[in-house]
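The values are calculated or read from the model by the stated rules, or taken from the named source; none is laboratory data. This structure is a prediction, so every number in the text was calculated from the model and none was measured. A quick note on method: Cβ atoms are made from the backbone with ideal geometry, for glycine too, and the neighbour counts reach across all protein chains shown.
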Amino acid sequence: MIATMPLITAGAAGVLLLLQTLLMLTAALVRRGARQALGDTGQHPGLTRAVRRHGNLAENAAIFLIGSALLEMIGGDRLWVEGLCGAFIFARLLHALGLSLKNTVNPFRVLGVILTFVVDATLAITLIRIAARIYLSK
């Protein structure tokens, strides 16, 4: 099996990096307005939401992108990888939108969390299946 360049994942990484940069900028602006240089005292709900939007994307995107790149490199189906990347980006946009609202318990956030879980679990199972098939065929 020949490893391929993870071009789909590279494109997804670019989109997620732009989103991460936007969320970082908004968190910095909210921090400045709240005069809170470090941490979160809990006194500024908007700051808490901004910090969590930024942090939550960082927590989830890194491991997803590693898994997606590996899937491409070990021969995962192109349309499948595109679908997973698209669904993950959509899920993270929904989640960021949901955390942007004053009432953080809302359909956008819930759907973002559920879709992220489904995409991550699907990617994990796909990686295990393909890796096991390749390993056992040697």
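In summary, residue 121 fulfils each of the numbered conditions (1) of a type in the set (Gly, Ala, Ser); (2) closer than 18 Å to residue 10 by Cα; (3) modelled with pLDDT of 95 or more with the single exception of condition (2). The residues of region 64-91 that are of a type outside the set (Asp, Glu), surrounded by 19 or more Cβ atoms within 10 Å (Cβ to Cβ) and over 11 Å from residue 120 (Cβ atoms), listed by number, are 65, 69, 71, 76, 81, 85.
Which members of region 125-138 meet the condition of being among the small types (Gly, Ala, Ser), within 16 Å of residue 72 (Cα to Cα) and loosely packed, with under 13 Cβ neighbours inside 10 Å? 132 - this is the single residue of region 125-138 that is among the small types (Gly, Ala, Ser), within 16 Å of residue 72 (Cα to Cα) and loosely packed, with under 13 Cβ neighbours inside 10 Å. Return yes when residue 96 is small (Gly, Ala, Ser), touching a residue at least 24 places away in the same chain (Cβ under 8 Å), over 18 Å from residue 9 (Cα atoms) and assigned to a helix (DSSP H, G or I) and no when it is not. Spelling it out, residue 96 is indeed small (Gly, Ala, Ser), touching a residue at least 24 places away in the same chain (Cβ under 8 Å), over 18 Å from residue 9 (Cα atoms) and assigned to a helix (DSSP H, G or I). Residue 109 meets the conditions (1) within 17 Å of residue 121 (Cα to Cα); (2) surrounded by 15 or more Cβ atoms within 10 Å (Cβ to Cβ) in every case but one. The failed one is (1). Taking residue 32 as the residue in question, decide whether it is modelled with pLDDT under 95, buried (at least 16 other Cβ atoms within 10 Å of the Cβ) and either in contact with an Asp or Glu (Cβ under 8 Å, 6 or more places away or on another chain) or within 23 Å of residue 104 (Cβ to Cβ) (or both). Against the criterion (modelled with pLDDT under 95, buried (at least 16 other Cβ atoms within 10 Å of the Cβ) and either in contact with an Asp or Glu (Cβ under 8 Å, 6 or more places away or on another chain) or within 23 Å of residue 104 (Cβ to Cβ) (or both)), residue 32 does not qualify. Scanning region 112-127 for residues that are aliphatic (A, V, I, L, M) and within 15 Å of residue 80 (Cα to Cα) yields 118, 119, 121, 123, 124, 125, 127.
When we screen 52, 32 for residues that are in a helix (DSSP H, G or I) and more than 19 Å from the chain's Cα centre (by Cα), the only hit is 32. The lone criterion from (1) part of a loop (DSSP other than H, G, I, E, B); (2) among the hydrophobic types (A, V, I, L, M, F, W, C); (3) within 11 Å of the chain's Cα centre (by Cα) left unmet by residue 105 is number (3).
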